[in-house]
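Take a look at the structure set out below.
The values are calculated or read from the model by the stated rules, or taken from the named source; none is laboratory data. Keep in mind it's a predicted model, so treat the numbers as computed, not measured. As a convention, Cβ positions derive from the backbone with ideal geometry for all residues, glycine included, and neighbour counts pool all protein chains shown.
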């Protein structure tokens, strides 16, 4: 088999691999940015204000399955000011678009021990994966 016949499939494989890696992540930090449209394989970073020192936490109520797959647990990042106690920080979740379709991603902000009390805030977003 000639070298040029081997290079053509190899080049096509490399182009396909590069195209898959070129999908930029989507960062979502407000319900006003919804609905959100994703391509299969694209990463969604959801970031919401959070202050665990008050006892309130975001809880994923509807995880937009099967269109999204979680890439790990919530990550809380505190403000840069180390000397300020009780300041609001950010909670971040990472998801990957897994299957084409439409589903709801809903989070509620409430105290974990008071689930019978209405949440003080909700985040409700329609996710569409193409």
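Structure data summary
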| read-out | value |
| --- | --- |
| Spans of strands (runs of 3 or more DSSP E) in segment 32-128 with at least 1 residues in contact with a helix residue (DSSP H, G or I) (Cβ under 7 Å, 6 or more places away or on another chain) and touching a residue at least 24 places away in the same chain (Cβ under 8 Å) | 75-77 |
| Test for residue 97: is it surrounded by 14 or more Cβ atoms within 10 Å (Cβ to Cβ) and under 26 Å from residue 113 (Cα atoms) | no |
| Conditions (1) buried (at least 16 other Cβ atoms within 10 Å of the Cβ); (2) within 11 Å of the chain's Cα centre (by Cα): number failed by residue 72 | (1) |
| Unique residue being on the phi < 0 side of the Ramachandran plot and at pLDDT below 95 when the list is 42, 20, 61 | 20 |
